[in-house]
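Where a number appears in this text, it was derived from the coordinates with a stated rule and is not lab data. In this text the structure is predicted, and so the values were computed from the model without any measurement. Virtual Cβ from ideal backbone geometry, glycine too; neighbours counted across all protein chains shown.
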């Protein structure tokens, strides 16, 4: 039987999250777990996206490298090992194969794409995912959006900006690929990147650790792929944090936060928290949805001042969507409304 106190905590938190979304005060942080919402049990290339451990094992298999037990669950170590043994270009080629697909948006991505209509506010999505499922979800709803992503290549290193208006098909087709300079710009002065994005006009997707490149230019596709994925990549990235676009950082600082699909054991989550807040508790209100959590995970989130909801992401998405649509679900366990 469900823990009644846990149900009550979750109900209260979901109501608060819905209020924050409707008020336009929430930043959404999407981790790799967001892609698991409604996903079949097993990873299948070109059909769905992998968990971190699945991606680590896939990389080592494809590059014919030994699969050590301590690499299976540690993507940062496994990818760093793969880069040392097979060079970065080979690893990027395999990563591109995994992420270059027209994946169906999950129920969570579909709900986020509906939020501008449901809440009358464009959304701010911060993600460490390399895929473009969130972009495809917004495009499917006809929602305009900006994408900002990090490129770690030495020649082009920095943050880049893509503005997707109603006139631009996404993913961009061959016709628009030739007009790349009209749509994609490097952020030359991050300290002045404030007026380039307008949350009143478009949602923003901030891809802090890189992205797959899906423009219709097969000859140079890998030149623009960028993945902060190995341990050394994270270390180098930390040294570059002073170049974070000012407007996007200030927008995070003034909003409350919702973490979906993250574990505090993940390298990418720890880097984000350290970048913005060091070892301090998070300002404002913050929530995290956890499929499961052990004592250490719970303590780590609580020490950050984060209220955590231990529940399936599918269940959270359904309940939050019902609240936002004004149709609260009836909870069979309590006999009351959620």
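A helix-only calculation puts the chain at -12000 deg cm²/dmol for mean residue ellipticity at 222 nm, using -39500 (n - 2.57) for each DSSP H run of at least four residues, averaged over all residues. Hydrodynamic radius of the stretch 52-99 by the Kirkwood approach over all distinct alpha-carbon pairs: 10.2 Å. Taking the number of Cβ atoms within 10 Å of each Cβ as an exposure proxy, the fewest-first ranking of 154, 231 is 154, 231.
Looking at the square roots a ≥ b ≥ c of the eigenvalues of the Cα gyration tensor of the stretch 113-154, which shape do they give, rounded for a/c under 1.5, prolate if a/b is larger than b/c, or oblate? Note, shape of the stretch 113-154 comes out prolate. Modelled this way, with points 7 Å down the Cα-to-C-beta line, the labels at residue 141 and residue 291 are 2.4 nm from one another. Of 103, 29, 138, the sequence from fewest to most neighbouring Cβ atoms within 10 angstrom is 103, 29, 138. Annotation for the stretch 147-170 versus the stretch 234-298: alpha-carbon center distance of 22 Å. Once C-alpha pairs closer than 8 Å and six or more residues apart are averaged by separation and normalised to the residue number of the chain, the relative contact order reads 22 percent.
Orientation-averaged projection of the stretch 223-263 equals 4.6 nm² [convex hull of Cα atoms, one quarter of hull surface area]. Taking other C-beta atoms within 10 angstrom as a stand-in for reagent exposure, 96, 209 fall in the order 96, 209, fewest first.
With Cα atoms as the point set, the radius of gyration and Dmax of the stretch 84-239 evaluate to 15.5, 50 Å. The mean sequence separation of alpha-carbon pairs under 8 Å and at least six residues apart, normalised by the residue count of the stretch 75-224, gives a relative contact order of 30 percent.
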